[in-house]
Amino acid sequence: MSNRHAARLGRGVEWEFDKVTFSREFSRNVVTKLLVERAEHGGWELDRVRITADGTRRVILRRRIIRAVRTA
């Protein structure tokens, strides 16, 4: 499950956020491999991880949005 949105945080830097949920059936090693793959191939970095009482991992990833600037 994935949910994306964008936000501007401080001095004109814009970030795109992606919320991903992993059920407790996924081992820590599997989750790590999946997140590393997204980081290497999609430019995502880890923003926050929350592990709920039932073992579900809620992960928030972020990546910088680079806007093209028009030149004259």
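A short reminder: the numbers here are calculations on the coordinates, not readings from a lab. This one's a predicted model, so the numbers in the text were calculated from it and none came from an experiment. All Cβ positions, glycine included, derive from the backbone under ideal geometry; neighbour counts span all protein chains shown.
A few comments on the model shown:
- Computed over the range 11-72, the quotient of the alpha carbon radius of gyration and 2.2 N^0.38 Å is 1.41.
- Unit charges on C-beta of K, R, D, E only; dipole of the range 9-65, Debye: 180 debye
- Distance between the 7 Å Cα→Cβ label points at Val36 and Thr71: 3.9 nm.
- Extended-chain gain in nm, criterion 0.36 nm per residue less alpha-carbon gap, Val49 and Glu25: 7.0 nm
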